[in-house]
Amino acid sequence: MDCNRFRLMLSRELDGELDARGQDELQRHLGECPECRGYRLVLLETAACHRELPEAGPPPAILAAVMAEIEGRNRDAAAWWYRIAVPAAAVLIMLLGLGAGVSLNEAMLAENGNGVEEVLGLEQLDDYPPGSFGEILVAATEGGDDG
Amino acid sequence: MRDDVDLMLQVSRGDTGAFRILMERYQKPVYNFFLRSTGSIEDAEDLTQQLFINMFRSARRYRPSSSFKTYLYRIAANMAVSFARKRRRRGTGSLEVLSEDGFEPASNGVGGMPDEAAERGELKGAYVEALLRLPAGQRAAIELRVGRGLSYREIAEVMGKSVPAVESMISRAREKLAHDLRAFRGKDEL
């Protein structure tokens with residue numbers, strides 16, 4: 001008789017993972033196999049021994065040591081970040097300050113008419129060469145004003 | 001109670017408070033898993049400590065694809081098996097470690113007569129010795145099933161095996177345990 005298959009089924013039964021059909025088959029086999037009946041009793045004993053093993057509480061020092069390790073690690077990481085972040089922030093502030101200074105200067109120039117007219121002498125833009133588009137445009141505008 | 005996976009996701013963002021909650025929740029079962037895997041209090045303490053430190057360090061890579069429990073025991077089972085390999089290479093016998101560290105079976109509260117209690121105690125001692133003689137993988141599988149109450153499917157996930165492979169592994173472990181208990185009682189007929 002091949003008892004190996006039934007030993008696997010006995011193990012499943014012990015774990016509550018044997019289905020109803022398997023249960024029927026196993027019970028039929030146990031009815032005619034004293035060796036498997038004996039084996040089943042020893043299996044039950046091993047399971048009882050395992051369940052009765054003590055559940056020890058871990059020493060509190062483990063939690064303390066782990067927390068100290070990971071919090072120390074986080075502090076190290078924070079310190080590293082601080083060493084990088086402070087100089088980086090200082091540089092950023094300087095760059096922003098420089099950028100703001102340039103923008104402010106441009107804003108002041110814009111307020112004063114950009115200063116472009118003075119530079120290019122645009123108050124003389126009416127002096128267009130004869131026959132040029134500028135002269136025609138000025139003539140048309142002045143004519144319009146008169147009319 | 002906050003969900004383990006949510007806590008672990010917070011740990012992956014560096015939250016040490018969430019980590020402390022998870023560790024308080026799982027350090028006892030993990031410690032007992034290692035105690036039964038190694039038979040040594042000192043080794044169980046070291047492995048428990050190392051597991052939680054490793055878990056925190058690698059938390060950024062955590063993906064909640066399975067339950068937190070199977071994730072945790074996957075790390076624990078790998079550590080227990082590689083520890084057993086190293087110990088075998090070093091030639092340190094589990095049984096010496098067992099007796100040195102005084103890993104005693106449960107109190108002898110079963111049975112009314114002192115003789116019965118003593119006999120029961122001896123039987124449990126023989127069982128622990130038999131357990132520590134098992135190959136590390138089989139020992140982990142039987143402890144995950146009987147000691148930690150994981151299903152075959154969960155153990156398969158933890159050990160990276162199929163469910164039938166796990167069933168077979170547990171059954172073979174039980175055959176060896178049964179054989180050793182019978183031998184202890186002088187009925188070595190398996």
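The values are calculated or read from the model by the stated rules, or taken from the named source; none is laboratory data. Predicted, not measured: the structure shown is a model, and the values here were computed from it. Neighbour counts run over all protein chains shown; Cβ positions are idealised from the backbone, glycine included. For accessibility, only protein heavy atoms count, side chains too; no ligands or nucleic acids. Shrake-Rupley method; radii C 1.70, N 1.55, O 1.52, S 1.80 Å.
When the other protein chains are added to the chain by itself, burial of at least 20 square angstrom of heavy-atom accessible area (probe 1.4 Å, ligands and nucleic acids ignored) affects these residues of segment B:34-53: B:ARG36, B:GLU45, B:GLN49, B:ILE53.
In the context of the full set of protein chains, segment B:4-184 has a per residue accessible area of 44 Å² (1.4 Å probe). Partners of B:LYS161 within straight-line reach, counting lysines whose Cα lies under 27 Å from its Cα and excluding those fewer than 8 residues away in the same chain: B:LYS28, B:LYS69, B:LYS86, B:LYS176.
Using only side-chain charges placed at the Cβ, +1 for Lys and Arg and -1 for Asp and Glu, the dipole size of segment A:4-51 relative to its Cα centre rounds to 80 debye.
Computed from label points 7 Å out along Cα-Cβ, the spacing between B:SER168 and A:ILE84 is 5.0 nm. Buried accessible area for the A:B pair, summed, 1.4 Å probe, in Å² rounded to 100? Summing both sides, the interface buries roughly 4000 Å². Converting phi to 3J(HN,Hα) with the Karplus coefficients 6.51, -1.76 and 1.60 and the offset θ = phi - 60°, segment B:6-13 yields 4, 4, 5, 5, 5, 4, 5, 9 Hz in sequence order, with x at every glycine or proline.
Ligands, DNA and RNA aside, B:ASP180 has an accessible area near 40 Å² when probed at 1.4 Å.
For segment A:1-72, the set of GluC sites (Glu not before Pro) satisfying both a DSSP loop assignment and a count of at most 15 other C-beta atoms within 10 Å is given as A:GLU55.
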